[in-house]
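A quick write-up on the structure given underneath.
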């Protein structure tokens, strides 16, 4: 594994990745992970696609995504709640018992009109 911290606007090029692969081969390794806080050049990404060794490139964006996904170095600052209509709640409603709303589709439309008036 190798990690590089590059500044904004910089990218890890093919020469750095080639040096990493040479060290893998020298150690007899068949797999490697190269992590950077910036990005990899297109030439570096293309280079690893054609190797016998399995080399995974993790750029800054992917690193941040993985950190968030696995709760590494992050903290919850706000929780957003998404709500959906609970159709079972309305199943015993007065409207549902009338003949006018016996089919579920027209009942749903009625409920949605009640909650969200036309603009």
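A few remarks follow.
- Test: residue in the stretch 18-35 that is part of a loop (DSSP other than H, G, I, E, B) and surrounded by 15 or more Cβ atoms within 10 Å (Cβ to Cβ): no
- Reported count of residues in the stretch 39-72, each being within 18 Å of the chain's Cα centre (by Cα) and under 22 Å from residue 10 (Cα atoms), is 13.
- Meets criteria (in contact with a helix residue (DSSP H, G or I) (Cβ under 7 Å, 6 or more places away or on another chain) and at pLDDT below 95) for residue 63: no
The values are calculated or read from the model by the stated rules, or taken from the named source; none is laboratory data. What you see is a predicted model; the values in this text were computed from it and never measured. Heads up, the Cβs are rebuilt from the backbone with ideal geometry, glycines too, and the neighbour counts pull from every protein chain shown.
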